[in-house]
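Since the structure comes first, as structure tokens, the remarks are kept for the end.
The values are calculated or read from the model by the stated rules, or taken from the named source; none is laboratory data. For clarity, every value in this text was computed on a predicted model and none was experimentally measured. Neighbour counts run over all protein chains shown; Cβ positions are idealised from the backbone, glycine included. What goes into the accessible areas is simple: the full protein's heavy atoms, side chains included, and nothing from ligands, DNA or RNA. Shrake-Rupley method; radii C 1.70, N 1.55, O 1.52, S 1.80 Å.
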Amino acid sequence: MILKVYTSLWLLFLVNSVWTRSVRQVYDDLDPDHWSHYTSECPQECFCPPSFPNALYCDNKGLKEIPPIPARIWYLYLQNNEIETLSEKPFMNATHLRWINLNKNKITNNGIESGVLSKLKRLLYLFLEDNELEEVPAPLPVGLEQLRLAKNKISKIPEGVFSHLENLTMLDLHQNSLLDSALQSDTFQGLNNLMQLNIAKNSLKKMPLSIPANTLQLFLDNNSIEVIPENYFSAIPKVTFLRLNYNKLSDDGIPPNGFNVSSILDLQLSHNQLTKIPPINAHLEHLHLDHNKIKSVNGTQICPVSIALEEDYGYYGNIPRLRYLRLDGNEIQPPIPLDIMICFRLLQAVVI
């Protein structure tokens, strides 16, 4: 199970570079006689590398409008420009687009022509970070696999905007203006294959409702969350990486076994208001609790299994798998209690 999870995450993080490298390799051996044809089709403002004819580089050109996109283009780079509008005209022939990077422009919702995105039927990756969007654009291409909308001004998610995005694996909404009211019980409905959801750096006070069941990574850092509801993680039984750094969690806001979840391998609770270590599961491998208000650590109390039983079964039993423990920025004084080392025999690093 753990191997399967890590394999999926590896694919999620590296698919961009792997895909790009493989496509480059395919076209490295193109006949030079075809290069003049590719150059003649290339918009004057952009760069068309002969060894990568499916890519069009129009980034960092000071563009205010998107030039006509040749039909052969799969990968379109338009980041770091002054583009304000997305209209249908430049994309008339671009029926094979897989990837569009429009990060760091000046695009607003009013500047997106109705239906222009949904007509890009083959689009898999859409990057619209660091623009001036106030809501998630709709409608979106149904085949999308990654949607990156970080660093906008998004405070509204239109009803049903994600309902047909069954292939989406990554949704990045961090550093926007989302309130609890923007995340309804059906907001993420339809995202059946979502693996990573990033809602960090928003204005949430509660844990979001109805997270897709297949989510592996949930990032909620830099909000104002105070309470973890009872049995919250039973609805997302595959969650592996959980980040809740820089929130307002206290001991009273965490249920007795709130984080005692076997799927969680990496738990980050740094910069909260905890005075004690919450109960954890024996499968947990990384625990970040730095910069809380913890005064002492009792290994016998926090050990997820009985130390006596652990001594009986040794390495052949269900010993805790914790390998990294961070406790600096609290009120704990060294040395590390011996019972911590007795319980967590696989510990490789403790920061105190």
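Just check segment 191-307 against the gyration tensor rule for me: Cα atoms, a ≥ b ≥ c as the square roots of the eigenvalues, rounded for a/c under 1.5, and otherwise prolate or oblate depending on whether a/b exceeds b/c. Mind dumping the intermediate values first?
On the way: a/c = 1.93, a/b = 1.28, b/c = 1.50.
Here segment 191-307 falls in the oblate category.
Excluding residues fewer than 8 places away in the same chain, name every one of the aspartates and glutamates whose C-alpha is closer than 16 Å to that of K104.
Straight-line reach from K104, under 16 Å: D59, E65, E82, E84, E129, D130, E132, E134, D172.
Using a simple spin-label model with points 7 Å from Cα along the Cα→Cβ vector, what separation in nm is obtained for A235 and N318?
2.7 nm
If you find the alpha carbon centre of segment 96-134 and of segment 333-347, how far apart are they in angstrom?
Here the answer is 51 Å between Cα centres.
How far, in nm, would the chain grow between E159 and S262 when pulled straight, counting 0.36 nm per residue and subtracting the alpha carbon separation? Walk me through the numbers on the way to the answer.
Details: separation 103, 0.36 × 103 = 37.08 nm, distance 3.32 nm.
Full extension from E159 to S262 adds 33.8 nm.
If the cut-off is 24 Å between C-alpha atoms, which lysines fall inside it for K205, apart from same-chain ones fewer than 8 positions away?
Within the straight-line cut-off, K205 pairs with K151, K153, K156, K238, K248, K276, K293.
Would you work out what percent of the accessible area of segment 207-260, with all protein chains in place, is carbon or sulfur (probe 1.4 Å)?
On the way: 1060 of 2200 Å².
Percent of accessible area from carbon and sulfur atoms in segment 207-260: 48.
Suppose each label sits 7 Å from its Cα in the direction of the beta carbon; what would the T95-S177 distance come out to in nanometres?
A separation of 4.0 nm, rounded to one decimal place.
Compute the FRET efficiency between Q301 and E132 as 1/(1 + (r/R0)^6), taking r as their Cβ-Cβ distance and R0 = 56 Å, and round to the nearest 0.05.
Numbers: r = 50 Å, r/R0 = 0.90.
Efficiency, from the Cβ-Cβ distance: 0.65.
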